[in-house]
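Reviewing the structure listed below.
The values are calculated or read from the model by the stated rules, or taken from the named source; none is laboratory data. Values in this document were obtained by computation on a predicted structure and should not be read as measured data. Here the Cβ positions follow ideal geometry from the backbone for every residue, glycine too, while neighbour counts run over all protein chains shown. Keep in mind that these areas ignore ligands, DNA and RNA; they rest on the heavy atoms of the full protein, side chains included. Shrake-Rupley method; radii C 1.70, N 1.55, O 1.52, S 1.80 Å.
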Amino acid sequence: MSRLSLDTTTAAEQTASALYQSLQLRMAAAPTASCPVEIASAYTHLCHSQSCGKCVPCRIGLGQLENLLEAVKKGEATEATLDVIERTARSIKNSADCAIGYQAAAEVLRSLVAFRPDFENHIQKGFCSAPRQGIPCVQECPAHVDIPGYIALIADHRPTDAVKLIRKDNPFPTACAFICEHPCENQCRRNLIDRSINIRGLKSYCVDKATEDIFPMDKMAPTGKKVAIIGGGPSGLTTAFYLELMGHDVTVFEKRKHLGGMLRYGIPSYRLNRDNLQRDINLILDSGVEVHRDYDIDSAEAFENLKNEFDATYIAIGAHSHKALKIAHADARGVLSAVEMLRGIGDGNLPDFKDKKVIVIGGGNVAMDVARSSIRLGADVTIAYRRRQEDMTALPAEVEGAIAEGCHMDELMAPAEVVVDENDQVTGLKVQPQVIGPYRKGRPSPRAADVPPVVLDADIIVISIGQSIDSQKFEDAGLPRQWDQLDATAETTFEGHNGVFSGGNCVTGPATVIKAIAAGKVAAANIDEYLGYDHKVETHIEIPEPLLHDRVPCGRVEIKERPIGDRKDDFDDVELKLSDEEALQEASRCLRCDHFGYAAFREGRQRTW
Amino acid sequence: MVKITMDRQEMDVPAGTTILDAAENHGIHIPTLCYYAHLNEIGSCRMCLVEMQGKDQLVTACNTKVSEGMRLATNTPAVREARQTNLELILSQHRVDCTSCVRGDNCSLQDLANNMGVTSQDYEKELAAQKWDMAFPLIRDNSKCIKCMRCVQVCDKIQQLHVWDVLHPGSESDIGVRENLPISEVNCSLCGQCVTHCPVGALSERDDVPRMMAALADPDVTTVVQIAPSIRAAWGEDFGMTPKEGTVKRLASVLRHIGFDYIFDTSFSADLTIMEEASEFLHFMGDRPDDNLPLFTSCCPGWVRFAKTEYPELLGHLSTSKSPQQMFGAVTKTWYAEKMGLKPDQIFSVSIMPCIAKKSEADMPSMTREDGTPDVDLVLTTRELDRMIKSEYLDPRSFPESELDDPLGVASGAGVIFGSTGGVMEAALRSAYYFVNDKNTDADTFKAARGQDGCREVDTEINGIPIRGIAVNGLGNARHLIEDLKAGRRQCDFVEVMACPGGCVGGGGQPIHDGEEWAARRAPTLYNLDERNTIRFSHENPSIKEVYKEYFGTPLSEKAEAVLHTHHSAAER
Ligand SMILES: Cc1cc2nc3c(=O)[nH]c(=O)nc-3n(C[C@H](O)[C@H](O)[C@H](O)COP(=O)(O)OP(=O)(O)OC[C@H]3O[C@@H](n4cnc5c(N)ncnc54)[C@H](O)[C@@H]3O)c2cc1C
Ligand code: SF4
Ligand code: SF4
Ligand code: SF4
Ligand code: SF4
């Protein structure tokens, strides 16, 4: 017999690992709609199954922990049980020999804290208050767009109807087809089989194929009620569109030359072509919305006047000021803020970056937009970020896109000082190298490395560390704020300020377009109700019956991009379209969670709102 | 039309048809359990599975529509195995107890198990144990619940009271009162629709038959029974009798045989209700409250319970007239007792009702006499009546018809149609017309009130004043109407509400035909009786004339107010 042999993987081990992978997908796909007590118990059971059996806390303790959790789940426990669970988990965490034991207990302790009300509900009232499953993608979409509905219409070769149906909940289907962050895909049930449906890809396909843009419903009879919208971004225009369709008389006041908010003055055109944006805006304007451009509601007084003149007001001013970086010479010549730079581009003023050395400070989506725009303007671009690349808040696809297009990534570099010449002109950025360290608030945090700072050469520095909200004037008018965010309720209202509504980025802080649209939709419904009406938005389209083939694993079709060499010198679309063949296959992967599963019973399709 | 093949039979089927309907229309029977047309088409029990060519997974026939070229087989090994396994799984969570179950002879689960030949089971029993207040008129036994969700759906969609809910997701999945609250603390109207829509014995009415038998056995009490109008359209169904066979007169003979002393008719007190309510309506029209809301009927206790929890602010708009059941009880223990020389507590007053809410109505303190005895001592549903007859081993067919007793067994056709949606309004309008004009109009003048639609309007005119009445049935429809009235989107003067779809003929205490709505089949029986009755106006009922002459004087007299009227308080349900 030989002394050593190489490890080989048995078929059983392979299957076990496939099972784990499938479990991972399963947990990722539907975490919110399960009983937290049951999940904690099942998790403990799984961890217990991994115990090697050597030590007491893990071998026995995890089993007993599971018994206790089961008792809570079944409504057989008392408050005292919770104390025993806590003591047991704490002891296992503090005394197990290896991570299989102590990490399991740490997670149980964590869920005990996070889900305390759920645990108590089981004990005191004997039912589970966790939300019930609905249509996963629709639940995750902030605007609750009828996703299986429009996918079914695409599969039925009806792209125009598909877009019409989207417009029932979201008047920006074209814009969202390109730039939506698609939270809908995160918990897509298709993840249980292979990968989520490429929902945004299908949306992009149907807006491309639609032969005309139509209102989701007929305009209703005029009510004579006047509504003012402050801010012509996605949130304000959404509210304007639906209220106008409901028969109200809407006027939008927009500070800038063009409508669209950050869709125009933020997002670069290589990601969202302005013709596509205009398509959505045109249909909104066709509804009869009146617009005053270059009209700044610039003071508390101006706001008060509007309030008096209109029956209701919606504030959707977004987050358009930049956050300043507090380092020396941050106001030197050659230092720009991301919003300033993108705003200029939005108005058609392309800065001269040809052959300039540009450093972008930040790791968010906006930083990537700035970096990739700078590449297109001919610059040599470096992105300086104080954490690691994987810690960046930007979508991985954006980071990869930036790198592919030639941006240098300088991770773990914290800006320390802008280096200037005698004319106060930027020459470089002094940065302090960092080491990534322990987690704080759920993220690993950096600290200064034990090495001296270095200077990176630069002609231009673009600071992209976040936006703030120009909301002082509204506080002066009496509206409450949290920091710079207007403190509106989830109903987009303010207590004690009847008739004033607000939503979008100026309430949430910088977020996503679809969240801003969702706020606009909520505001439209609540303003309609405030004005004394109950107009229902409804689109009369029969949703095709589900396809009946077996759902066997099948690869997800991805959106292709123009080759790098081709795309990095212009501001034209980066993304290509799905072909008919690809789109129909992708649509046929949809599991139709509106028809199969709990949604057939409850939490199903909302035909009206 | 689409072409499909099912069990080698070629069919042309209208597009949009479900596989289940296509099969049924071509003589192929596919078993179902949770399915209830238009109400619960959720495919949860997996009994209706069929095999479709080109697909490994089986498909549900109840909620899958046919499509061109579909090739289906309804009885393959895979279908058989899946149905049988699923049925065994259902049974593993079901306390099989057919011999002592209210649904022992009327159970879809039992039928399936018998038909599929499930004689042994491979699974461990897992029975739910839920506490229940057995004094409440509605009883839930979760160890028999098969979680078909029908009760949830009927209370959500038809009654819009959302009493039932899925209490847990995951492995503890269970149906119960929402948030697991005690049933007496939620807004259950006691309409009983969940009971008639339950395929098994998980929901039932409180069984009051034992108390009935005890009273019949007591030689010191006189048992007086009133039979509600709608009973005559339904009681015979459990014995396979047609409406022509299962008449109220045959029922009178059966009840006499069982030992009841006096057999009377709630249609009599329905006439009495009309006398009071029509007079009240004329007063109301003369002195209309500013809010311009209409007068609502109060004869359906399910509706009154609903108004108390959902619209307490409207209680002042409910007619103060007691329901026919309670008027009957009150008259029995006053005028009739005096007439017969009986002390009220020597009378055991029973009512046979299509309804579970009547049980709680009879138990309310305000329906109790000063001496503490209730006006109506016991309420039996139609189903309890039939069970009682069965337990006596009687064959009702073999009984001759016999007249009901005088004077409380005499009723007009107007009193009889009380058992159907629209009937109360029609009867009231007939008499209101007479009160104002001192002459009768044709008895069919107000027949626009008839029909099964959820909400129907009757426009007429009394003394030159236009009057609009609306008859609404189903509490969801009632809620909708009330919201419209309150918002000023609709206007009317008089509203008749019946909690159950179709009115009492569709009542929650009526015989159960799983998966079928029988209200529309039963209503014609009542209208035929009305048409054939020589007296079609409440005010022409000789017993009514007699009771006013001898006892009450006129409608709304002081005595009538004291005995026949009530005060609706939200605190009392
Ligand atoms: C560079 C960049 C890239 C982004 N990329 C994405 C992306 O890919 N996907 C995504 O989902 N989201 C993205 N976002 C975020 C997204 O653009 C915003 O969340 C969204 O536009 C917010 O919509 P809103 O209507 O609330 O505000 P905004 O879009 O900011 O619109 C507010 C409007 O109000 C106007 N206004 C402000 N003050 C006044 C006043 N006093 N009087 C009158 N008018 C006023 C503004 O001019 C503006 O038009 C990005 C943001 C930026 C900056
Ligand atoms: S499978 Fe279809 S319906 Fe289900 S979550 Fe995914 S996209 Fe939505
Ligand atoms: S519900 Fe049906 S199967 Fe269950 S015990 Fe009753 S009769 Fe038997
Ligand atoms: S009796 Fe009626 S109101 Fe009560 S739970 Fe059943 S359906 Fe709902
Ligand atoms: S109680 Fe009856 S109707 Fe309700 S879920 Fe259970 S079996 Fe179905």
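Exactly one condition in (1) in contact with a Pro (Cβ under 8 Å, 6 or more places away or on another chain); (2) charged (D, E, K, R); (3) under 28 Å from B:Thr196 (Cβ atoms); (4) not in a loop (DSSP other than H, G, I, E, B) is false for B:Glu517; which is it?
The failed condition is (4).
Kindly list, by first and then second residue, each pair from a residue in the range B:5-20 that is open to solvent by less than 70 Å² (accessible area, probe 1.4 Å) to a residue that is of a type in the set (Phe, Trp, Tyr), limited to pairs with Cβ atoms under 8 Å and residues at least 6 apart or on different chains.
B:Leu20/B:Tyr35
When the residues of the range B:132-182 are narrowed to those that are of a type in the set (Lys, Arg) and closer than 26 Å to A:Pro36 by Cα, which ends up farthest from ligand 4 (Cβ to nearest atom)?
Step by step, filter the range B:132-182, then rank; the result is B:Lys147.
In contact (Cβ under 8 Å) with a residue 40 or more places away in the chain, small (Gly, Ala, Ser), buried (at least 18 other Cβ atoms within 10 Å of the Cβ) and away from ligand 2 (no atom under 16 Å from the Cβ), is that true of B:Ala202?
yes
Collect the residues in the range B:32-42 that are open to solvent by 20 Å² or more (accessible area, probe 1.4 Å) and either of a type outside the set (Val, Ile, Thr) or touching a Gly at 6+ places or on another chain (Cβ under 6 Å) (or both), keeping them in residue-number order.
Residues satisfying the conditions are B:Tyr35, B:Ala37, B:His38, B:Glu41.
Residue by residue through the range A:563-605, note down the ones that are open to solvent by less than 40 Å² (accessible area, probe 1.4 Å), of a type in the set (D, E, K, R), more than 30 Å from A:Ile375 (Cβ to Cβ) and more than 13 Å from chain B (Cβ to nearest Cβ).
A:Glu586, A:Arg589
For A:Ile514, which of the numbered conditions (1) in the same structural domain as A:Thr238 (by TED's automatic domain parsing); (2) surrounded by fewer than 17 Cβ atoms within 10 Å (Cβ to Cβ); (3) within 16 Å of ligand 2 (Cβ to nearest atom) fails to hold?
(2)
Among the candidates B:Ile535, B:Ile544, B:Ile512, which residue alone is farther than 27 Å from B:Met275 by Cβ and of a type in the set (Val, Ile, Thr)?
The conditions single out B:Ile512.
Consider B:Glu384 carefully, then state whether it is of a type in the set (D, E, K, R) and in contact with a Lys or Arg (Cβ under 7 Å, 6 or more places away or on another chain).
When the stated conditions are applied, B:Glu384 does not pass them.
It is to be established whether one or more residues within the range B:111-132 are open to solvent by less than 10 Å² (accessible area, probe 1.4 Å) and at pLDDT 95 or above.
For the range B:111-132, residues open to solvent by less than 10 Å² (accessible area, probe 1.4 Å) and at pLDDT 95 or above: absent.
Among the residues that make up the range B:16-25, is at least one of them of a type in the set (S, T, N, Q) and within 14 Å of chain A (Cβ to nearest Cβ)?
Scanning the range B:16-25, I find at least one residue that is of a type in the set (S, T, N, Q) and within 14 Å of chain A (Cβ to nearest Cβ), so the answer is yes.
Across the range A:443-463, which residue is most open to solvent (accessible area, probe 1.4 Å) among those that are over 17 Å from A:Ile375 (Cβ atoms) and not in a strand (DSSP E or B)?
Out of the qualifying residues, it is A:Asp450.
Go through (1) among the acidic types (Asp, Glu); (2) within 14 Å of another protein chain (Cβ to nearest Cβ); (3) open to solvent by 50 Å² or more (accessible area, probe 1.4 Å) one by one and return the number of the condition B:Asp220 breaks.
(2)
Taking interchain pairs and intrachain pairs at least six residues apart, which have beta carbon atoms under 8 angstrom, with the first residue in the range B:253-280 and open to solvent by 10 Å² or more (accessible area, probe 1.4 Å) and the second in a helix (DSSP H, G or I) and hydroxyl-bearing (Ser, Thr, Tyr)?
These pairs meet every condition: B:Met275/B:Ser431; B:Met275/B:Ser538; B:Met275/B:Tyr548.
Quickly run through the range B:461-496 and pick out the residues that are within 14 Å of ligand 4 (Cβ to nearest atom) and in contact (Cβ under 8 Å) with a residue 60 or more places away in the chain.
B:Gly474, B:Leu475, B:Gly476, B:Ala478, B:Arg479
Considering only the range A:160-279, give the helices (runs of 4 or more DSSP H) lying wholly within it that have at least 1 residues that are within 16 Å of ligand 2 (Cβ to nearest atom), without any contact (Cβ under 8 Å) to a residue 60 or more places away in the chain and open to solvent by less than 30 Å² (accessible area, probe 1.4 Å).
Here the list reads A:199-209.
Read through the list (1) under 17 Å from A:Glu66 (Cβ atoms); (2) in contact with a helix residue (DSSP H, G or I) (Cβ under 8 Å, 6 or more places away or on another chain); (3) open to solvent by 50 Å² or more (accessible area, probe 1.4 Å), then give the number of the only condition that A:Arg87 fails.
With respect to (1) under 17 Å from A:Glu66 (Cβ atoms); (2) in contact with a helix residue (DSSP H, G or I) (Cβ under 8 Å, 6 or more places away or on another chain); (3) open to solvent by 50 Å² or more (accessible area, probe 1.4 Å), A:Arg87 is out only on (2).
Name the residue that is farthest from the other protein chains (Cβ to nearest Cβ), counting only residues in the range B:136-171 that are within 16 Å of ligand 3 (Cβ to nearest atom) and within 17 Å of the chain's Cα centre (by Cα).
If we take residues in the range B:136-171 being within 16 Å of ligand 3 (Cβ to nearest atom) and within 17 Å of the chain's Cα centre (by Cα), then B:Ile139 is farthest from the other protein chains (Cβ to nearest Cβ).
Just to confirm my filter: which helices (runs of 4 or more DSSP H) fall fully inside the range A:1-93 and include at least 2 residues that are hydroxyl-bearing (Ser, Thr, Tyr) and not assigned by TED's automatic domain parsing to the domain that holds A:Leu112?
It comes to A:11-29.
Identify the single condition in (1) touching a Ser or Thr at 6+ places or on another chain (Cβ under 6 Å); (2) farther than 29 Å from B:Gly341 by Cα that B:Glu276 does not satisfy, given that it satisfies every other one.
Of the numbered conditions (1) touching a Ser or Thr at 6+ places or on another chain (Cβ under 6 Å); (2) farther than 29 Å from B:Gly341 by Cα, the odd one out for B:Glu276 is (2).
With open to solvent by 10 Å² or more (accessible area, probe 1.4 Å) and away from every other protein chain (no Cβ under 14 Å) as the only criterion, which of B:Arg178, B:Arg211 stands out?
B:Arg211
Mind checking which residues of the range B:408-446 are open to solvent by 40 Å² or more (accessible area, probe 1.4 Å) and not in a loop (DSSP other than H, G, I, E, B)?
B:Tyr433, B:Tyr434, B:Phe435, B:Val436, B:Asn437
Given A:Ala367, A:Ala397, which one is within 26 Å of the chain's Cα centre (by Cα) and surrounded by 22 or more Cβ atoms within 10 Å (Cβ to Cβ)?
Criteria check complete, one pass: A:Ala367.
Considering only the range A:135-145, state which residues are out of contact with any Lys or Arg (no Cβ under 6 Å at 6 or more places or on another chain) and more than 10 Å from ligand 2 (Cβ to nearest atom).
A:His144, A:Val145
Of the conditions (1) open to solvent by 30 Å² or more (accessible area, probe 1.4 Å); (2) outside any loop (DSSP other than H, G, I, E, B), B:Arg288 fails just one. Which one is it?
Just one mismatch for B:Arg288, condition (2).
Do you know which residues across the range A:352-368 are of a type in the set (D, E, K, R) and under 16 Å from A:Ala384 (Cβ atoms)?
Residues satisfying the conditions are A:Lys356, A:Lys357.
Looking at the range A:116-155 only, could you name the residues that are open to solvent by less than 30 Å² (accessible area, probe 1.4 Å), at the interface with chain B (Cβ under 10 Å from one of its Cβ atoms) and in a loop (DSSP other than H, G, I, E, B)?
Matches in the range A:116-155: A:Gly126, A:Phe127, A:Cys128, A:Ala130.
Could you list, ordered by first residue, the pairs with Cβ atoms under 6 Å in which the first is in the range B:161-181 and part of a strand (DSSP E or B) and the second is open to solvent by 50 Å² or more (accessible area, probe 1.4 Å) and of a type in the set (D, E, K, R), at least 6 apart or interchain?
Pairs that qualify, where the first residue is part of a strand (DSSP E or B) and the partner is open to solvent by 50 Å² or more (accessible area, probe 1.4 Å) and of a type in the set (D, E, K, R), are B:Asp165/B:Arg178.
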